[in-house]
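Worksheet: the structure to be examined is printed underneath.
The values are calculated or read from the model by the stated rules, or taken from the named source; none is laboratory data. These figures come from a predicted structure and were not determined experimentally. Here the Cβ positions follow ideal geometry from the backbone for every residue, glycine too, while neighbour counts run over all protein chains shown. Heavy atoms of the whole protein, side chains included, go into the accessibility calculation; ligands, DNA and RNA do not. Shrake-Rupley method; radii C 1.70, N 1.55, O 1.52, S 1.80 Å.
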Amino acid sequence: MSFPASVLRVMIASPSDVPEARDAVERAIHSWNDANARTKQVILLPWRWETSSVPLLGGHPQKLINGQGVDDSDIVFALFGGRLGSPTPDAVSGTAEEIDRAVEMGKPVHLYFSTAPLPSDIDTAQLDALRTFRQAMQERGLLGEFSNVDQLNHEVWKAIEHDLTQLRLENSPQQRVRTGVDLLVQPGSERELNSYDSKGKPRYRTRRWLEIENRGDVDAEQVVIRPVGEDSGVMLMAGGKPTVIHRGQSRRFAMELFGGESDPVVTVSWVEHGETREKDFHVG
């Protein structure tokens, strides 16, 4: 079932030596969506330069990544392992430039350093540069650490929850104001076993229904559903009997579709604050 949501782009920034950490942040974002997107009406869209950027000529690669990634992102996660990364014309590394740009634009930036053991062939010049960078970053805010991907997953969730309390989102339940009844009507169906023929083969039938959700802040009273037109092609099992759909509640009404209109329509009427209202919905 569809639902309104605010979509936030989350940029994952890092040098090339932490691919597992980058994957872990993306998995954490997707798992947060699975658990929270519908109830919090927020969807997080991960952005990684290697999968999300569009090949384009006309400027230094880092400038193009800044324009496509940093500028259009709402949240930035930056990760470091044992490398600072390659320098750019304007910064000590591409990731450092992305961090600076995001901070200047007022975006929340979460910076994490790995404490996992380093490989024996570590580039010592890169490691020294990273340590100098980290020392500079300590003067600009709170830094995070992770020793494994499980800990990083926890850190990502914690950061997301913090950011959502700070951002003003148009579709969030806290910001959205509904007045009155707001009905969402959607048809549903599923195939179910009906019987077996003489040879033992299963026979199936399609069970259909209308699901009506009251997304408003007022109860819908005396709710009645009726087909539109004499040859509507819709038969409602109990739609003609008045009922109540409380605010935040969903109700299912059994129905059948048969030969008739190719795009059947039903009218839903209800009483709101003592006044009768009605609205047509397509259910084909």
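Could you please find all residues in region 39-76 being outside any helix (DSSP H, G or I), farther than 12 Å from Glu98 by Cβ, touching a residue at least 60 places away in the same chain (Cβ under 8 Å) and not aliphatic (A, V, I, L, M)?
Result: Gln41, Asp72, Asp74.
Among the residues of region 53-64 satisfying the criterion of being touching a helix residue (DSSP H, G or I) at 6+ places or on another chain (Cβ under 7 Å) and over 22 Å from Met137 (Cα atoms), which is surrounded by the most Cβ atoms within 10 Å (Cβ to Cβ)? Break it down stepwise before answering.
Going residue by residue through region 53-64, those that are touching a helix residue (DSSP H, G or I) at 6+ places or on another chain (Cβ under 7 Å) are 53-54, 56, 62.
Remaining after also requiring over 22 Å from Met137 (Cα atoms): 53-54, 56.
On the way: Ser53: 15, Val54: 6, Leu56: 10.
Filtering region 53-64 for residues that are touching a helix residue (DSSP H, G or I) at 6+ places or on another chain (Cβ under 7 Å) and over 22 Å from Met137 (Cα atoms), the one surrounded by the most Cβ atoms within 10 Å (Cβ to Cβ) comes out as Ser53.
Of the conditions (1) open to solvent by less than 40 Å² (accessible area, probe 1.4 Å); (2) at pLDDT 95 or above; (3) over 22 Å from Trp47 (Cα atoms), Val76 clears all except one; give me its number.
It fails just one condition, (3).
Please go through region 120-165 and give me each residue that is open to solvent by less than 80 Å² (accessible area, probe 1.4 Å), of a type in the set (S, T, N, Q) and in a helix (DSSP H, G or I), ordered by number.
Those that are open to solvent by less than 80 Å² (accessible area, probe 1.4 Å), of a type in the set (S, T, N, Q) and in a helix (DSSP H, G or I): Gln126, Gln151, Asn153.
Looking at (1) modelled with pLDDT under 75; (2) under 30 Å from Ile29 (Cβ atoms); (3) among the small types (Gly, Ala, Ser), find the lone condition where Ser250 falls short.
Exception for Ser250: condition (1).
For Ser86, work out the one condition from (1) of a type in the set (Ser, Thr, Tyr); (2) surrounded by fewer than 15 Cβ atoms within 10 Å (Cβ to Cβ); (3) assigned to a helix (DSSP H, G or I) it doesn't fulfil.
For Ser86, the failing item is (3).
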